[in-house]
Amino acid sequence: MDRAALLALPSLCALWAAVLSLLPCGTQGNWMWLGIASFGVPEKLGCADLPLNSRQKELCKRKPYLLPSIREGARLGIQECRSQFRHERWNCMVATTTSTQLATAPLFGYELSSGTKETAFIYAIMAAGLVHSVTRSCSAGNMTECSCDTTLQNGGSPSEGWHWGGCSDDVQYGMWFSRKFLDLPIRNTTGKESRVLLAMNLHNNEAGRQAVAKLMSVDCRCHGVSGSCAVKTCWKTMSSFEKIGHFLKDKYENSIQISDKTKRKMRRREKDQRQTPILKDDLLYVHKSPNYCVENKKLGIPGTQGRECNRTSGGADGCNLLCCGRGYNTHVVRHVERCECKFIWCCYVRCRRCESMTDVHTCK
Amino acid sequence: MGVGRSARGRGGAASGVLLALAAALLAAGSASEYDYVSFQSDIGSYQSGRFYTKPPQCVDIPVDLRLCHNVGYKKMVLPNLLEHETMAEVKQQASSWVPLLNKNCHMGTQVFLCSLFAPVCLDRPIYPCRWLCEAVRDSCEPVMQFFGFYWPEMLKCDKFPEGDVCIAMTPPNTTEASKPQGTTVCPPCDNELKSEAIIEHLCASEFALRMKIKEVKKENGDKKIVPKKKKPLKLGPIKKKELKRLVLFLKNGADCPCHQLDNLSHNFLIMGRKVKSQYLLTAIHKWDKKNKEFKNFMKRMKNHECPTFQSVFK
C-alpha cells in the first residue's frame with residue numbers, strides 16, 4: 001500500500017508536468033541525473049533548469065562554481081555503483097531518459113525509495129561521490145571558499161626526517177557542503193514519506209561521508225639529493241574512489257535492518273540484537289530486497305535474463321547464481337587484440353595482432 | 001543468440017583504427033603481422049601518481065634538463081613516472097643525477113634514468129626493464145657509495161616489469177663488456193674539466209671550498225685530506241666554527257688513484273657533502289685560472305642559480 005503510493009508519485013509528477021508543459025514539479029527534482037552524460041546539454045543549463053529541488057537550486061545559484069563538482073560527484077557515485085555491482089543480480093542500472101519523464105523519475109527506479117539495502121548503498125555512494133569531487137576541486141584550486149588543508153602547511157617531524165607540504169586534501173569543506181546539499185532537503189521534506197525512511201537516508205548519507213574521511217591516508221615523496229629520503233614531504237590525501245566503493249560495498253554486505261516502527265531513535269529490527277550499537281558508518285535498511293531474478297515491470301526490475309555470466313565461477317557472477325538456476329546460452333566471439341608488444345628504441349611500440357575466439361555465456 | 005563483440009581493443013578509437021587497418025590489409029591481400037604505436041601528442045590513459053592530479057601532457061624536453069635533453073627523443077610526459085608534477089621539480093630532482101651520468105658507470109644509465117624522469121610520449125606509460133634497472137644499479141651503486149649515496153627507494157628494481165613491454169636500449173642477452181683497468185680512479189677524482197660539468201657538480205654538492213692541502217693520509221679505508229688554507233664558496237651544512245677544524249674524507253678511497261692529489265703545491269676547488277659527521281669529497285679540481293674551462297666556470301658561478309627544493313615544492 002505504502003509502496004504503491006510511493007511508486008505512483010513519480011508517475012503523477014511526470015504526468016502533471018507533461019499535461020501542463022511546465023518545469024519539473026517543484027520539489028521532486030533528483031540531482032543524481034547530473035551524473036548521466038546523455039542528460040540534456042548540462043553545460044548550457046542554468047540552476048533553474050537542472051533536476052534539483054528548490055533548496056538545491058537556491059544553493060546552486062549562490063555557489064554556481066560548485067556545479068561542475070556536483071555533476072562530477074553524481075557521475076562518480078553512479079559509475080562506482082555500477083562497478084561494484086556489475087556482476088550482481090542487482091547491477092545498479094539506471095533508468096534511461098525520455099522526454100516525457102522530464103528527469104523527474106527516480107534515476108535508480110524502485111531502489112531509490114524502497115528502503116532496501118540497495119537504497120542504503122545508493123545514498124551512501126552518492127553522498128561520498130559529492131564529498132570526493134568537491135574536495136578534489138578544493139585541492140585543485142578551483143574554489144575560492146576552500147583550498148588545501150592549511151593546518152598542514154607547516155610542521156611535521158624533523159627528527160624522523162619528514163614534514164608536511166604539498167597539498168593535503170581538506171575533506172571538511174566537502175563534508176559540510178554534502179550535508180548542506182543533500183541532508184537539508186531530506187530533513188525539510190513534508191510528511192509524505194515515512195519518518196523512518198527519512199532517518200535511514202540521512203544516516204546512510206552520513207555513512208558515505210564517513211567512509212571518505214575514514215579512508216584518508218598519508219602520501220609521501222622523497223626528494224633529497226639523488227632521490228634519498230633525507231628530505232621527505234608528506235600530505236594527506238583521499239583514497240581513490242574505487243577504494244571507497246569497496247569499503248561501502250563491504251558495509252552493504254553487512255548492512256543492518258532496522259525496525260520500521262522507530263519513534264525517536266533508530267534501532268535494530270531483531271530484538272535480541274538491540275543492545276549492539278549502530279555505528280556511524282554502518283549502512284541501514286528497513287525493507288527486504290525484492291527478487292531481482294525475474295523481470296518486474298511494475299518495480300522497474302529487468303531481471304537477469306541476457307546478462308553475461310562466468311561459467312567457471314562459483315561466486316555471484318557465476319552462471320548458477322546470476323541466472324538463478326535457469327541455465328545459460330553460449331555463443332562464440334572473435335577477438336582481435338595486440339599481443340607480443342615490444343618497445344623499439346627509439347621510440348615506438350611494435351605489437352603483433354592476435355586473433356582469439358572465446359565463449360560468452362548469457363543467462364536464459 | 002545475443003550480440004557478439006567482434007573486437008576488443010584498448011579504447012574505442014584504437015579498436016576502430018585497428019579493425020579498419022586489419023580490414024584494409026586483408027582486402028589488399030597482403031596482411032602485415034605488426035601494429036605500430038608511435039609518438040603520441042595526445043595522451044589519454046596515463047594514470048599519474050595522485051589519481052586526480054593535473055592531466056598528463058606531452059611537453060618538449062627543455063635544454064636545461066641536462067640529464068635527458070640528449071637522450072634520443074625530444075618530448076616527454078609530465079607528470080613523469082616519478083610523480084614529479086612540474087618541470088621545475090623534474091629539473092631539481094634530476095640535477096643530482098647528472099654527475100653520476102658523467103661517471104659512465106653503465107652504458108644504459110641515461111636511458112634508464114630518463115625513462116622515469118622524462119618518459120617517452122606513448123599511449124600508455126612504459127617503464128624501464130627490470131634487467132636494465134638491475135644492471136645499472138649493480139654497476140653504479142658502488143660508484144654512488146663513494147659519495148655516500150645508496151640506491152634510492154624510488155628506483156627499486158622489483159617494481160619494474162620483467163616480461164611486459166619495457167624500455168631498454170640493448171637486447172637483454174648482451175654481455176656487458178667489462179673494462180679491466182687494473183685500478184680504477186677514485187670517482188670523485190674522475191672528472192671532466194668542463195665548466196658545465198663543474199657547475200652540475202656544484203649544484204649536486206652541499207658545500208664548495210677553495211683550499212690548499214697540507215697532507216693526505218689513509219684512515220679506515222678512506223683517504224683523509226687535511227686542509228691548510230680554505231675559503232668557502234658555498235658553506236651549506238658547514239658551520240663557521242667547524243670550518244677551522246675541517247677535515248675531508250675521500251670515501252673508500254684509500255687505495256684508488258687520484259691524480260689531482262699527486263701535487264699538493266697549488267690551490268684546489270673542493271666540493272663535498274656531509275654524511276653523518278663526516279665531510280665527504282664529491283669532486284676535486286685544480287684551481288687553474290689559466291685554464292679556459294675553469295675560468296668560464298668561475299664566471300658562470302657568480303650568477304648561476306641551482307634549482308632549489310624550496311621553490312619547487314611549496
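Just a few scattered comments:
- Looking only at region B:89-114, and only at residues there that are touching a Pro at 6+ places or on another chain (Cβ under 7 Å) and of a type outside the set (Ser, Thr, Tyr), the one that is nearest to B:GLU192 (Cα to Cα): B:LYS103
- Of all residues in region B:143-158, those that are facing chain A (nearest Cβ under 8 Å) have Cβ atoms under 8 Å from Cβ atoms of residues that are hydrophobic (A, V, I, L, M, F, W, C) and in a loop (DSSP other than H, G, I, E, B), 6 or more apart or on another chain, in B:MET144/B:TRP151; B:PRO152/A:CYS229; B:GLU153/A:CYS229; B:MET154/B:LEU82.
- Residues in region B:237-261 that are surrounded by 15 or more Cβ atoms within 10 Å (Cβ to Cβ) and touching an Asp or Glu at 6+ places or on another chain (Cβ under 7 Å): B:PHE249, B:LEU250, B:LYS251, B:ASN252, B:GLY253, B:ALA254.
- So B:LYS289, is it in a loop (DSSP other than H, G, I, E, B), of a type outside the set (A, V, I, L, M, F, W, C), open to solvent by 80 Å² or more (accessible area, probe 1.4 Å) and more than 14 Å from every other protein chain (Cβ to nearest Cβ): yes
- Residue within region B:193-202 that is under 13 Å from B:PHE147 (Cα atoms) and within 14 Å of chain A (Cβ to nearest Cβ) present: yes
- B:GLU89 buried (at least 18 other Cβ atoms within 10 Å of the Cβ), modelled with pLDDT under 85 and within 12 Å of another protein chain (Cβ to nearest Cβ): no
- Looking across region A:338-360, just one residue is among the β-branched types (Val, Ile, Thr), facing another protein chain (nearest Cβ under 7 Å) and over 37 Å from the mean Cα position of the chain (by Cα), and that is A:VAL349.
- Applying a threshold of 7 Å to beta carbon distances and a minimum spacing of six or more residues, or different chains, the list of pairs starting in region B:76-99 at a residue that is within 14 Å of B:PRO55 (Cβ to Cβ) and ending at one that is in a helix (DSSP H, G or I) and at pLDDT 90 or above reads B:LEU78/B:MET87; B:ASN80/B:VAL90; B:ASN80/B:LEU116; B:ASN80/B:PHE117.
- A:GLY303 falls short of the stated requirement of being loosely packed, with under 14 Cβ neighbours inside 10 Å and at positive phi.
- Residue check, A:LEU279 modelled with pLDDT of 95 or more and aliphatic (A, V, I, L, M): no
Yes/no per residue for (1) surrounded by fewer than 20 Cβ atoms within 10 Å (Cβ to Cβ); (2) within 13 Å of the chain's Cα centre (by Cα):
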{"site": "B:ASN70", "(1), (2)": "yes, yes"}
{"site": "B:TYR73", "(1), (2)": "yes, no"}
{"site": "B:ASN80", "(1), (2)": "no, no"}
{"site": "B:GLN93", "(1), (2)": "no, yes"}
{"site": "B:LEU100", "(1), (2)": "no, yes"}
{"site": "B:VAL120", "(1), (2)": "no, no"}
{"site": "B:ALA135", "(1), (2)": "no, no"}
{"site": "B:CYS140", "(1), (2)": "no, yes"}
{"site": "B:PHE147", "(1), (2)": "no, no"}
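- Segments classed as strands (runs of 3 or more DSSP E), wholly inside region A:146-242, with at least 3 members that are within 12 Å of chain B (Cβ to nearest Cβ): A:217-222, A:232-237
- Residues (farther than 30 Å from B:PRO128 by Cβ, loosely packed, with under 13 Cβ neighbours inside 10 Å and free of Cβ contacts under 8 Å to residues at least 40 places away in the same chain) located in region A:332-364: A:VAL332, A:GLU355, A:MET357, A:THR358
- Residue check, A:GLY73 at pLDDT 90 or above, more than 30 Å from A:GLY303 (Cβ to Cβ) and in a helix (DSSP H, G or I): yes
- Pair list, Cβ under 7 Å, 6 or more apart: region A:117-141 residue open to solvent by 10 Å² or more (accessible area, probe 1.4 Å), other residue part of a helix (DSSP H, G or I): A:LYS117/A:TYR252; A:TYR123/A:ASN201; A:TYR123/A:ASN204; A:TYR123/A:ASN205; A:TYR123/A:GLY208; A:SER137/A:SER69
The values are calculated or read from the model by the stated rules, or taken from the named source; none is laboratory data. Note that the coordinates shown come from a computational prediction; the quantities given were computed from them, not determined experimentally. For neighbour counting, all protein chains shown are included, and Cβ atoms are generated from backbone atoms with ideal geometry for every residue, glycine included. Protein only, heavy atoms only, side chains kept; ligands, DNA and RNA dropped before computing areas. Shrake-Rupley method; radii C 1.70, N 1.55, O 1.52, S 1.80 Å.
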